[in-house]
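See structure below.
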Amino acid sequence: MEKEKFEERYSRQILFRAIGAEGQRRLAAGRVAIVGCGATGSALASLLGRAGVGTLRIIDRDYVEASNLQRQSLFEESDAAESLPKAVAAARKIAGFNSEIVVEARIEDLVPSNINVLLEGMDVILDGTDNFETRYLINDYAVRNSVPWIYAAAVGSYGATLNVVPGKTACLACIFPETPHGMVETCETSGILNTAVSLVASIAATEAVKLLIGGAAQRQLRKTFWSYDVWTNEQAEISAERPRRGCRACGERDFVHLAGEGRPHITLCGRNSVQIHERGRPIDFAEMQQRLEGHGVVRHNEFVLKFWRDPYEMTLFPDGRAIIKGTTDTGVARSLYARFVGS
Ligand SMILES: [Zn+2]
């Protein structure tokens, strides 16, 4: 974009002295990965896309459903009706309000086998996930590769966030050596207020801007694990200024989550659904549609194939991954998959 147009577009941010014209140019050169594009990921992508971060890589394994619309601010009813993958729907929406930036949609589940490719070349990694397994994986990658990342979580009326700057601050495993109790509840079990999401995303996005601008801005980074409950107004902060001695990740550099030992290929995924991710072969949707037609209702677009066979609903992705709704029994899900998709 020519200089004049660029400075007009971002004029209100450039007027903010800590950013200025030079800071805005650094944002334009910035590359941010957002892992998970649900409620928090949507808010992060929206804020950073409008702020002019030059490249956003949005990584999400899921598709849009009606129950997402209460809090996942990048999506519309038509996205849910089409079952669009969230990464694709997000990229389309962002292109509508900022066509000058690059948005890379990655319809994938972030796992040890693809993390090096999916997060390569990023300046900052942001957490839009809903589980500690993926957060520990991001933490191991970020510490090993010295890439800053920002933890962000919202559930119920509670939000929490932590900046991890490897080599300087504490990492996630310093603060939580094990998955914390009471943090394992999810929006599936406790519900979620969209205001808790906005709050935590606003703070995390601002910290990301400071990281991208660097210099004096980085001295303003928060050095605590911060949490707030928008319902009870309770606030807590734990110092994260220094790494914890003996930390498994940043102290001993034992990256067990990157090794991915014993990681299951079949997992519970939200309320009443199971994800199967064990076949590395691509699927031809047109051929699969024909094969399934006599067995239930089936339709597909270029991104997903959906197959309904009472009481189950199976969503297939081109890489062979599937999400099966209507059961929490991994055995039932696997046999359904084996019968209709093949093993
Ligand atoms: Zn650590």
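The values are calculated or read from the model by the stated rules, or taken from the named source; none is laboratory data. Bear in mind the structure is a predicted one, so any value in this text is a computation, not a measurement. Reconstructed Cβ throughout: ideal geometry from the backbone, glycine too, with neighbour counts over all protein chains shown. These accessible areas exclude ligands, DNA and RNA; they are computed on the full protein's heavy atoms, side chains included. Shrake-Rupley method; radii C 1.70, N 1.55, O 1.52, S 1.80 Å.
One residue stands out in the range 68-122 among those that are β-branched (Val, Ile, Thr) and assigned to a helix (DSSP H, G or I): the one that is farthest from residue 260 (Cα to Cα), namely 94.
Selection of the range 10-28 for residues being of a type outside the set (Phe, Trp, Tyr), open to solvent by 100 Å² or more (accessible area, probe 1.4 Å) and over 26 Å from the mean Cα position of the chain (by Cα) yields 12, 15, 17. Condition first: open to solvent by less than 60 Å² (accessible area, probe 1.4 Å), without any contact (Cβ under 8 Å) to a residue 40 or more places away in the chain and more than 26 Å from the chain's Cα centre (by Cα). Can you find one or more residues in the range 287-297 that meet it? Yes, the range 287-297 contains at least one residue that is open to solvent by less than 60 Å² (accessible area, probe 1.4 Å), without any contact (Cβ under 8 Å) to a residue 40 or more places away in the chain and more than 26 Å from the chain's Cα centre (by Cα).
So, residue 53, is that one assigned to a loop (DSSP other than H, G, I, E, B) and buried (at least 17 other Cβ atoms within 10 Å of the Cβ) or not? Answer is yes for this residue. Among the conditions (1) out of contact with any helix residue (DSSP H, G or I) (no Cβ under 6 Å at 6 or more places or on another chain); (2) modelled with pLDDT of 95 or more; (3) away from the ligand (no atom under 14 Å from the Cβ), residue 162 misses just one, which is (3). Residue 81 meets all of the listed conditions (1) modelled with pLDDT of 95 or more; (2) farther than 27 Å from residue 5 by Cα; (3) surrounded by fewer than 19 Cβ atoms within 10 Å (Cβ to Cβ) but one, namely (1). Among the residues examined, residue 140 qualifies as out of contact with any Lys or Arg (no Cβ under 6 Å at 6 or more places or on another chain) and within 16 Å of the ligand (Cβ to nearest atom). Any idea which residue in the range 229-280 is farthest from the ligand (Cβ to nearest atom), counting only those that are modelled with pLDDT of 95 or more and assigned to a strand (DSSP E or B)? It comes out as 229. Of 327, 315, all but one fail to be surrounded by 14 or more Cβ atoms within 10 Å (Cβ to Cβ), part of a strand (DSSP E or B) and touching a residue at least 12 places away in the same chain (Cβ under 8 Å); the exception is 315.
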